[in-house]
Amino acid sequence: MANTNKMIFAVVAGISYVALGILQMLERFGIETGLAEPLLIPGDFFGGLCFVVIGAVFLYGVKELNAGVHMGVSYVYVGILMSLVFMTVYLLTMGADLLMFYAVASEEYVGWHIIDSMRPGIYLGFLSLAGYVAWRGSFSIQASK
């Protein structure tokens, strides 16, 4: 049952990361999807590529779990870890922008709002944070017998 929950989580997270990663790459090349503004998606090719990789890690875990390979859970955990690292980087960047807005007050930040620094890695990271909180007791670095 626990692996079923992890598999459902990994499907949702994997598809979300791959879809938003592709949208980021499309936006970078000027292909209008109409979703960039409501989903706060920047035109960022390499950021999108990172999202696709994170999504692929989640989806490979689904493939392994679906085949009955218990070690597929490791891919889900690694996907969670990768997305939490990216969320942390984006939150630190947002904090730096906030500090620049209040402390430096340069021309770059005239009319800036905190939402201008919001990235999909932040809200998708909260999905992974929920997964981590739910399964934090099952993380182990010991080999299973």
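Readers should treat all values here as calculations from the given coordinates under stated rules, not as data from a laboratory. Note that the structure is predicted; figures quoted are calculated from it, not measured. Positions of Cβ are generated from backbone atoms using ideal geometry, with glycine treated the same way; all protein chains shown enter the neighbour counts.
Numbers below:
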{"quantity": "Search result, residues across the stretch 98-129 that are under 30 Å from Val78 (Cβ atoms) and of a type outside the set (D, E, K, R)", "calculated": "Ser117, Met118, Pro120, Gly121, Ile122, Tyr123, Leu124, Gly125, Phe126, Leu127, Ser128, Leu129"}
{"quantity": "Output for the stretch 98-127, where each listed residue is more than 20 Å from the chain's Cα centre (by Cα) and surrounded by 17 or more Cβ atoms within 10 Å (Cβ to Cβ)", "calculated": "Phe101"}
{"quantity": "Among (1) out of contact with any Gly (no Cβ under 8 Å at 6 or more places or on another chain); (2) among the aliphatic types (A, V, I, L, M); (3) within 24 Å of Ile114 (Cβ to Cβ); (4) surrounded by 16 or more Cβ atoms within 10 Å (Cβ to Cβ) - the single one Met82 does not satisfy", "calculated": "(3)"}
{"quantity": "Top-ranked residue of the stretch 19-48 - restricted to ones that are of a type in the set (A, V, I, L, M, F, W, C) and in contact (Cβ under 8 Å) with a residue 60 or more places away in the chain, ranked as farthest from Arg119 (Cα to Cα)", "calculated": "Leu20"}
{"quantity": "Residue in the stretch 7-23 that is exposed (fewer than 14 other Cβ atoms within 10 Å of the Cβ) and part of a loop (DSSP other than H, G, I, E, B) present", "calculated": "no"}
